[in-house]
1. Which ³J(HN,Hα) values, rounded to whole Hz and listed in residue order, are derived for segment 75-83 from phi using the Karplus coefficients 6.51, -1.76 and 1.60 in 6.51 cos²θ - 1.76 cosθ + 1.60 with θ = phi - 60°, glycine and proline given as x?
2. Between F53, P79, A11, whose Cα lies farthest towards the positive end of the dipole of the chain when Lys and Arg beta carbons carry +1 and Asp and Glu beta carbons carry -1, centred on the Cα centre?
3. Using the Cβ atoms and a cut-off under 12 Å, what net charge is assigned to the surroundings of L32, where Lys and Arg are +1 and Asp and Glu are -1?
4. So if I place +1 on the C-beta of Lys and Arg and -1 on the C-beta of Asp and Glu, and nothing else carries charge, what would the dipole magnitude of the chain be about its Cα centre? I want it in debye, nearest 20.
5. Show me, for segment 40-52, the HN-Hα J-couplings you get by feeding each phi into the Karplus relation (A = 6.51, B = -1.76, C = 1.60, θ = phi - 60°), rounded to Hz, glycine and proline as x.
6. How many percent of the alpha carbon pairs in the chain exceed a separation of 18 Å?
7. Mean separation of Cα pairs under 8 Å and 6+ residues apart, divided by the residue count of segment 21-86: what relative contact order is that in percent?
8. With a 1.4 Å probe and every protein chain kept in, tell me what percent of the accessible surface of segment 1-48 is carbon plus sulfur.
Amino acid sequence: MEPVLQAIYDAVIEGDADAVGEGVGKAIDAGLNPGSILNDGMVAAMSEVGKLFEEGEFFVPEMLMAAMAMKSGLEILRPVLTGTDV
């Protein structure tokens, strides 16, 4: 996985909205595929958050923080996604 995608993934899991936004901006500037940013970075992280919730390691507050972090990244990525078929 690209280092910038790993940073986005980690930031979503940590619920760090600022880091997700920064990472998405860097990924876009680096020319990464918007679908990859979405799927490999943010969606994959939310899948891991769901797994951690099922295992009892995460609770509702952690899930909400991760979702809000992903939302901050989507706000930046959405205009780029509209120009693709993702």
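The values are calculated or read from the model by the stated rules, or taken from the named source; none is laboratory data. Not measured: the values here are computed from a predicted model. Cβ coordinates were reconstructed from backbone atoms using ideal geometry, including for glycine residues, and neighbour counts include every protein chain displayed. What goes into the accessible areas is simple: the full protein's heavy atoms, side chains included, and nothing from ligands, DNA or RNA. Shrake-Rupley method; radii C 1.70, N 1.55, O 1.52, S 1.80 Å.
1. Karplus-based 3J(HN,Hα) across segment 75-83 equals 4, 7, 7, 3, x, 6, 5, 5, x Hz.
2. P79
3. Working: positive: K26; negative: E2, D29, D40.
Net charge in that neighbourhood comes out at -2.
4. Numbers: 4 positive and 15 negative charges, 64 e Å.
It works out to roughly 300 debye.
5. My calculation for segment 40-52 gives 7, x, 7, 5, 4, 5, 5, 5, 5, 4, x, 5, 5 Hz in order.
6. Details: 1288 of 3655 pairs.
Pairs farther apart than 18 Å: 35 percent.
7. Details: 32 pairs, mean separation 32.9, N = 66.
Relative contact order, segment 21-86: 50 percent.
8. Numbers: 1080 of 2270 Å².
Roughly 48 percent, rounded to a whole number.
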